[in-house]
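Below is one structure, written out as structure tokens; comments come after it.
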Amino acid sequence: MRMQAVFQDTVIADSDDTVVVEGNHYFPEQSLRREHLRPSSTTSICPWKGKASYYTVAVGEAVNLDAAWTYPKPSFIARKIKGRVAFWNGVEVRPSRAAATDDAYNADVVVVDMDLRSVIFAAENRHRAEAEVIPAASHAAPGYVRAGVAM
């Protein structure tokens, strides 16, 4: 499932390749929006994962000290989190809205003007739409579109 880390309504990380350890989603480094992360001098030790290094998360004027961490050199048994970052303390980790294809539903949209080059779907928070045009002859309206809209 695609996950995202969000602070102050800003996506800090987004990936369909997180690793869950002890209930925390570890995001791959390439999924991070680095402009929102500042290295911190804070470190901690986990007896089985190793030494953690922290980041402060910042969005605009909002700053969240040590809200992200990574294990740069994890132990052998924690090697699957190498090169990954996890979040806590005010950073919401949730399913990505862009990945809600499991919650897709069908919506019918009638196209009145067949000269339109695009169709505007009146679906709130829509991130993706797939449409199939059905010939107008089979319906009362000039054009008929069946759309699968992911919310």
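Here, each number is a calculation from the coordinates, and none is a lab measurement. Since this is a predicted model, take the numbers as computed values, not measurements. Here the Cβ positions follow ideal geometry from the backbone for every residue, glycine too, while neighbour counts run over all protein chains shown.
Within the range 1-86, which trypsin sites (Lys or Arg not before Pro) sit in a loop by DSSP and count at most 16 neighbouring Cβ atoms inside 10 Å?
Numbers: sites: R2, R33, R34, K49, K51, R79, K80, K82, R84; in loops: R2, R33, K49, K82.
Within the range 1-86, the qualifying trypsin sites (Lys or Arg not before Pro) (loop, at most 16 other Cβ atoms within 10 Å) are R2, R33, K82.
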For the range 1-83, the Debye formula with one identical point scatterer on each Cα and no solvent gives log10 I(q)/I(0) at q = 0.13, 0.20 Å⁻¹ as -0.40, -0.94
